[in-house]
Amino acid sequence: MQKYLKPFRLVVSTVMLGAVGFLFLDFGGSVPSAWYRALTWLQFVPSLIRFLQTLGHGLAVTAYGFVAILILTLLFGRVYCSYICPLGIFQDVTGWFSKKVRNTGKRKFRFRFAAPKTWLRYSILVVVFLSLFSHSIFLLNLLDPFSNFGRFVSDLFRPVYIMGNNLLVKIFETLGSYALYPVTVAKTDPFALIVPAVMLALVIWLSVWKGRLYCNTVCPVGTLLGLVSKKSLYQIRFDEAECNRCGQCMFACKSQCIDVKNREVDFSRCVGCANCIRSCDKNAISYSRKAKLKNDQTDVSKRRFIAGSVVMIAAMSGLSTIKSFAQPLSRRIRNQRHSRRRIGNDKLHHLGRGKGRIEVTPTHPVTPPGSVSQHHFTRACTACHLCVSACPTGVLQPSLFEYGLAGMMQPFMDYDVDFCNYECTRCSEICPNGAILPLTAEEKLTTQIGVVRFEKHNCIVHTDGTACGSCSEHCPTQAVKMVPYIGELTIPEIIPDICIGCGACEYACPVTPYKAIVVDGHLEHAIAQKPEETELEEKPLEDFPF
């Protein structure tokens, strides 16, 4: 019966990879918000972070997915890594393809038993935990499997997916079919893609040559679940009476945790893929109740774990220095980034018209509506970029140093790209970890994530004597209105109390490289006043003129 565990895993993992992957690829908003919540509920880190962040908001009951994973691990070991984790499944797919390519020759690729990198993996886990206690989530963001998978798909694969869609649109149009529609790829700072690209290369290289080494050495979730799996009720064990040490199970083990010579399985590294069970012709290896350890057996890994903890606690002192250096550095880089991106459009104004000469940049980055505050957002967001891919306008973009070094890759509202739709609550509906809390459509209309700031000396009405009004035309609350200026010209006037910080005015402003109007992000979100509603005067209908 256990021979069918591998086919069962293949079906479940394929469905999970396709479903979770499509959450990041979907550009039409066709996936209901409930599906996002259901598919991310069992992702360990987002579920744990959401539980911690929503304790005071009455939503913690929706974040027990990590508890289900721990119970599943106590029963059967690290099956999460092979059945549910999208990054783990992605590694299996990559390894399978590479194995097919390499096995075309005479010599077949086979895995071998490898000693565990105990000190390294436990040290990484300790550093991640210590960084969380020091109120920094950066290392967890960098190593979390779900967040890494999300960045791979959202930042690297999705643009290719959209370009493929646009190519199909052209092909279909030549055939007379208009079932598909073209989609614009959102502009992302190339420097923000460096970390996802490097991590993707690392994961692929390790999965091709070392199987699940990333999961068993680098991934903090894998290491944590590995500690729990040592106490699993059911574990993979040898039947010494049947085993002839042929090595077929070892060759099939992508975790490299089967020691055929001693007939032992390092279950802390086993991901429950059942490849070994499927490969054994004699049924000499199977899931069974855990054997009791002898009293004189000692877990050497625990001693190494304690030793590594002491060393890494000392190393953590250097992180505070990096963090203090990051904030002034981030301000300079953010200013340069805004200037560089806007200078690209300055070629349209080479005659000197429409140039903003006074440097105007936001005092703080703008966090998404529902994120409560920058402090809450940067402590809870794991930078999975699910909100980035789901945002209908593409205004949510991966950050570089907008939040400082510790907040790298966490999304921010980039009003150079687009603006936030007035009634849109999509990101608050699908955030898996509570960094963006749910907002109703009514609450969104008065949630003030930032406030507008106007620099008259950059405005083309003032500098060029040219009529404009783009900012006022795009403002949904009329926090920017046009007032008389010189002659028949009108110039913007701002009403901060009713501004919600959506960025429509900043996006619409044609001035480069420094805009005449920007949105300063709030460190703490506020409540904007509702704009006054004026009734339109009904004019009597005139008779038909002829």
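Exactly one condition in (1) within 29 Å of Trp96 (Cα to Cα); (2) touching a Phe, Trp or Tyr at 6+ places or on another chain (Cβ under 8 Å); (3) outside the structural domain of Phe27 (by TED's automatic domain parsing) is not met by Tyr178; state its number.
Tyr178 satisfies all of (1) within 29 Å of Trp96 (Cα to Cα); (2) touching a Phe, Trp or Tyr at 6+ places or on another chain (Cβ under 8 Å); (3) outside the structural domain of Phe27 (by TED's automatic domain parsing) except (1).
Does Ser389 satisfy being closer than 18 Å to His525 by Cβ, polar (S, T, N, Q), assigned to a helix (DSSP H, G or I) and touching a residue at least 24 places away in the same chain (Cβ under 8 Å)?
So Ser389 fails the test.
Within the range 352-366, track down each residue that is modelled with pLDDT of 80 or more and not in a loop (DSSP other than H, G, I, E, B).
none
Count, please, the residues in the range 380-398 that happen to be of a type in the set (S, T, N, Q) and buried (at least 24 other Cβ atoms within 10 Å of the Cβ).
Counting residues in the range 380-398 that are of a type in the set (S, T, N, Q) and buried (at least 24 other Cβ atoms within 10 Å of the Cβ) gives 2.
All but one of (1) touching a strand residue (DSSP E or B) at 6+ places or on another chain (Cβ under 6 Å); (2) free of Cβ contacts under 8 Å to residues at least 12 places away in the same chain; (3) of a type in the set (Ser, Thr, Tyr) hold for Tyr178; which doesn't?
Going through the list (1) touching a strand residue (DSSP E or B) at 6+ places or on another chain (Cβ under 6 Å); (2) free of Cβ contacts under 8 Å to residues at least 12 places away in the same chain; (3) of a type in the set (Ser, Thr, Tyr), Tyr178 breaks only (1).
Take residues that are more than 22 Å from the chain's Cα centre (by Cα) and either buried (at least 18 other Cβ atoms within 10 Å of the Cβ) or not assigned by TED's automatic domain parsing to the domain that holds Asn262 (or both) and tell me which of the helices (runs of 4 or more DSSP H) falling wholly in the range 61-141 contain 2 or more.
Details: elements: 65-76, 80-83, 86-102, 118-133.
Once the helices (runs of 4 or more DSSP H) in the range 61-141 are filtered for at least 2 residues that are more than 22 Å from the chain's Cα centre (by Cα) and either buried (at least 18 other Cβ atoms within 10 Å of the Cβ) or not assigned by TED's automatic domain parsing to the domain that holds Asn262 (or both), what remains is 65-76, 118-133.
Might you check whether a residue that is farther than 29 Å from Lys6 by Cα and among the polar types (S, T, N, Q) occurs anywhere in the range 121-130?
Yes: one or more hits.
Anything in the range 469-522 that is polar (S, T, N, Q) and surrounded by fewer than 17 Cβ atoms within 10 Å (Cβ to Cβ)? List them, or say none. If you could, list the steps in order and put the result at the bottom.
Here is the first cut: in the range 469-522, the ones polar (S, T, N, Q) are 470, 472, 477-478, 490, 512.
Gln478 - this is the single residue of the range 469-522 that is polar (S, T, N, Q) and surrounded by fewer than 17 Cβ atoms within 10 Å (Cβ to Cβ).
What number of residues within the range 433-477 are within 17 Å of Pro513 (Cα to Cα) and hydroxyl-bearing (Ser, Thr, Tyr)?
Qualifying residue count for the region: 2.
In the list Asp464, Asp416, which residue meets the criterion of being buried (at least 17 other Cβ atoms within 10 Å of the Cβ), in contact (Cβ under 8 Å) with a residue 40 or more places away in the chain, of a type outside the set (Gly, Ala, Ser) and closer than 23 Å to Lys481 by Cα? Full working, then the answer.
Numbers: Asp464 fails: buried (at least 17 other Cβ atoms within 10 Å of the Cβ).
The conditions single out Asp416.
Pairs under 8 Å by beta carbon, first residue in contact (Cβ under 8 Å) with a residue 24 or more places away in the chain and within 10 Å of Phe24 (Cα to Cα) in the range 141-168, partner among the aromatic types (Phe, Trp, Tyr) and not in a helix (DSSP H, G or I), six or more apart or different chains?
Arg158/Phe27
Conditions tested, residue by residue: (1) touching a residue at least 24 places away in the same chain (Cβ under 8 Å); (2) among the small types (Gly, Ala, Ser); (3) assigned by TED's automatic domain parsing to the domain that holds Ser371; (4) touching a strand residue (DSSP E or B) at 6+ places or on another chain (Cβ under 8 Å).
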| site | (1), (2), (3), (4) |
| --- | --- |
| Ser428 | yes, yes, yes, no |
| Pro432 | yes, no, yes, no |
| Gln448 | yes, no, yes, yes |
| Val451 | yes, no, yes, yes |
| His474 | yes, no, yes, no |
| Ile491 | yes, no, yes, yes |
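The values are calculated or read from the model by the stated rules, or taken from the named source; none is laboratory data. All figures in this text were calculated on a predicted structure; none of them were measured in a lab. Counting neighbours? That spans all protein chains shown, and the Cβs are built from the backbone with ideal geometry, glycine included.
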